[in-house]
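What follows is a short report on a single structure.
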Amino acid sequence: MSLPAFVSYLTFEKKYSKHTVIAYERDLKEFLLFCETELGIVDFKEVKYAVVRNWIVHLVQKGISNRSVNRKLSSVKAFYRFQQKIGTITALPFSNHQALKVERKLQVPFSEDEMLAVLDSIEYGDDFEGKRDKLIIEILYTTGIRRAELVHLKLVAFDARNNTLKVLGKRNKERILPLLPGLKASISTYLLEREKLEIIMNPEFLLLTKSGAKIYETLVYRVINKYLSSVSPKVKKSPHMLRHTFATHLLNRGADLNAVKELLGHSSLASTQVYTHNSIAKLKEVHATAHPRNKEQ
């Protein structure tokens, strides 16, 4: 069974993140174990759609959500498409399968007032960690970059002369983002504190821990959750919600959808359009309150 070859394909050809590759591998092992223990199938080439359907029923009966079932099936599909690509199989066992229906979750972004409060009204501390924590929030909100992109920002990515930040996105795609004057000033102030660290173990990275190592994703999540909790009652407080907030606030203020797409680093406009739902809701509110023909004012 060519699982190692599939993992290498995801890692080096598709350039998926380590987290994504682990998830694909886990889903696939779960599927193959089901085939072997429940149906006695040990060769993945013998799998037909009836087997896939039995697995889907098995997952649903276990209480797995439709969204999670679809994600797991995507992993299995990717494996079989890879096998077809290298000639191991000729036909896919799920060619006529339709994804399970899922309810679209409307994520509620932070309000402009909440973001104003977290950036201008909170005491972060005058030390290295205080300046770094505020900078983490400010970068995520004013650039819309992903958490993984933030963690891997290089020191040389900051171009003070041109007011830009070079970001390495998914599949090693680079994009150059403009910096607001306030963010440029915050980065410069942080760098002065960074120079005072006694030991710097990862000097090539922009954001460091107080011990001089590169920051990590859990640290970013803790920072977001800690400070946003003091200004917002919203349940979901995560780095991705700041990315969602960034896009929503731009669109609410009339930004062009294609421009937001480029800022976010999306490969297709469809990925960006998920952020328009809140903007449409905002437009409806403005329209209802401002139009003279609305008799319910």
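The values are calculated or read from the model by the stated rules, or taken from the named source; none is laboratory data. These numbers were taken from a predicted model, which means no experiment stands behind them. Every residue, glycine among them, receives a Cβ derived from its backbone with ideal geometry; neighbour counts consider all protein chains shown.
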Subject >> Elements of type helices (runs of 4 or more DSSP H) in segment 1-86, at least 1 residues being within 23 Å of the chain's Cα centre (by Cα) and either more than 25 Å from Thr218 (Cα to Cα) or in contact (Cβ under 8 Å) with a residue 12 or more places away in the chain (or both) >> reply: 3-8, 18-39, 66-85
Original post:
Looking at Arg132, Arg175, Arg146, Arg194, which is the one that is closer than 23 Å to His240 by Cβ and touching a strand residue (DSSP E or B) at 6+ places or on another chain (Cβ under 7 Å)?
Top reply: Arg175
**OP:** Can you run down the residue pairs with Cβ atoms below 6 Å, 6 or more apart or on separate chains, where the first is in segment 263-276 and assigned by TED's automatic domain parsing to the domain that holds Ala247 and the partner is of a type in the set (Lys, Arg)?
**Re:** Gly265/Arg175; Leu269/Lys261; Thr272/Lys261
Original post:
What helices (runs of 4 or more DSSP H) completely inside segment 122-230 contain at least 2 residues that are in contact with a Pro (Cβ under 8 Å, 6 or more places away or on another chain)?
Top reply: 147-151, 217-228
Subject >> Residue identified as within 18 Å of Phe246 (Cβ to Cβ), among the aromatic types (Phe, Trp, Tyr) and in the same structural domain as Lys261 (by TED's automatic domain parsing) among Tyr216, Tyr221 >> reply: Tyr221
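Which ones in segment 151-176 are in contact with an Asp or Glu (Cβ under 9 Å, 6 or more places away or on another chain) and within 17 Å of Leu263 (Cα to Cα)?
Residues satisfying the conditions are Leu165, Lys166, Val167, Leu168, Gly169, Lys170, Arg175, Ile176.
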Original post:
What is the one condition in (1) at negative phi; (2) loosely packed, with under 14 Cβ neighbours inside 10 Å that Val118 does not satisfy?
Top reply: (2)
Subject >> Residue list for segment 89-114, restricted to those being under 25 Å from the mean Cα position of the chain (by Cα), modelled with pLDDT of 75 or more and of a type in the set (A, V, I, L, M, F, W, C) >> reply: Ala99, Leu100, Val102, Val108, Phe110
